[in-house]
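Let me begin by presenting the structure, written as structure tokens, before commenting on it.
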Amino acid sequence: MNQVVSREVWLEARRQLLASEKEATHLRDRVNAERLALPWVKVDKDYVFDTPDGKRTLADLFGGRSQLIIYHFMLGPDWDAGCTGCSFLADHFDGALPHLNHHDVTLVAVSRAPLEKVEAYKKRMGWGFPWVSSYANDFNFDYHVSFSKEQLAGETVFYNFTPMDSAEGYDELPGLSAFYKDEAGNLFHTYSSYARGPEELIGTLMILDRAPKGRNESSTMNFVRRHDEYEDTQQAHSCCH
């Protein structure tokens with residue numbers, strides 16, 4: 001339990017924290033500006049995804065908009081269920097869709113599992129956001145969120161823009177990538193983020209950060225279950241770390 005003080009002492013401590021919060025807000029504004037100023041890379045490779053509406057290219061995934069956000073959802077070809085941490089994050093997507101779509105942004109999840117597995121897990125979770133399969137293309141490998149057995153057998157894999165000890169890796173890891181399509185139909189990769197980078201998309205964590213006990217975790221998101229598993233007594237493993 002924290003120290004209990006008078007209202008006056010609390011107010012002074014809160015003002016000190018407010019100064020730090022404002023500093024963090026201003027830093028976030030600067031980081032956002034630097035993110036917007038990143039150079040872009042033209043996407044020359046053709047990617048075709050399996051979707052509920054048939055084969056679709058990366059350009060098709062934009063859905064008539066100029067901006068595309070892809071969440072690299074950890075669900076491998078031989079997995080029985082999606083990653084617990086990715087599922088936690090994806091629980092926050094559906095409410096955001098109307099706002100994103102009306103601001104010229106399309107949000108799509110991509111996994112390497114075959115479409116039938118994607119569709120089955122999506123139905124189990126009750127989600128409505130677009131989710132497609134990259135099982136038949138190299139998209140996940142090219143954007144460094146999927147790793148072959150040969151890669152994992154080596155000393156390192158390339159993740160989060162740096163070599164990582166392959167012993168710490170999985171065949172699938174989380175991430176987020178952004179793309180832009182110009183009026184001529186050219187596609188550009190504008191941004192990617194990995195590991196804890198997409199954490200700000202998880203509104204539940206932002207609320208917990210303001211609760212008296214905070215996240216109350218012994219390791220990153222160790223308290224999280226899939227939303228239909230909270231009655232279970234067995235600890236669910238969160239593979240996003």
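The values are calculated or read from the model by the stated rules, or taken from the named source; none is laboratory data. Quick caveat: nothing in here was measured; it's all calculated off a predicted structure. Neighbour counts are summed over all protein chains in view; Cβ atoms, including those assigned to glycine, are modelled from backbone coordinates with ideal geometry. The protein model used for the area step is the full one, side chains on, heavy atoms only, and it has no ligands, DNA or RNA in it. Shrake-Rupley method; radii C 1.70, N 1.55, O 1.52, S 1.80 Å.
Points to keep in mind about this one:
- The chymotrypsin sites (Phe, Trp or Tyr not before Pro) found in segment 94-166 that occupy coil by DSSP, while having at most 14 further C-beta atoms within 10 Å, are F161.
- Note on exposure: I69, I207, I202 ranked by accessible area (1.4 Å probe, complete protein assembly) read I207, I69, I202, with the most exposed listed first.
- Residue ranking by accessible heavy-atom surface, 1.4 Å probe, largest first, among K123, K55, K181 comes out as K123, K55, K181.
- Label-point gap, in nm, between E217 and A59 - each point 7 angstrom along Cα→Cβ: 4.0
- Working from Cα pairs under 8 Å separated by at least six residues, relative contact order for the chain is 22 percent.
- Number of Lys-Lys pairs in the chain with C-alpha atoms under 23 Å apart and a separation of 8 or more places or on different chains: 10.
- Where chymotrypsin sites (Phe, Trp or Tyr not before Pro) fall in DSSP loop in segment 1-81, at most 16 other Cβ within 10 Å: W40
- Normalised per residue, the accessible area of segment 41-197 is 47 Å², obtained with a 1.4 Å probe and no contribution from ligands, DNA or RNA.
- Percentage relative contact order, segment 121-241, counting C-alpha pairs under 8 Å, at least six apart: 15
- Value of D in µm² per second that Stokes-Einstein yields for segment 41-197, Kirkwood Rh from Cα pairs, at 4 °C (1.567 mPa s): 81
- The calculated FRET efficiency for Q3 paired with D29, based on their beta-carbon distance and R0 = 22 Å, is about 0.10.
- If R0 equals 30 Å, the separation of the Cβ atoms of E200 and R15 corresponds to a calculated FRET efficiency of about 0.75.
- With DNA, RNA and ligands ignored, accessible area of H99 (1.4 Å probe; Å², nearest 10): 140
- Whole-percent carbon and sulfur share, accessible surface of segment 1-139, 1.4 Å: 54
- Dipole of segment 41-197 computed with +1 at Lys/Arg Cβ and -1 at Asp/Glu Cβ about the Cα centre; of A113, S146, W131, farthest Cα towards the positive end is W131.
- Loop-located GluC sites (Glu not before Pro) in segment 110-162 whose Cβ has at most 11 other Cβ within 10 Å (DSSP): E155
- Beta bridges assigned by DSSP with both partners in the chain are antiparallel in approximately 75 percent of cases.
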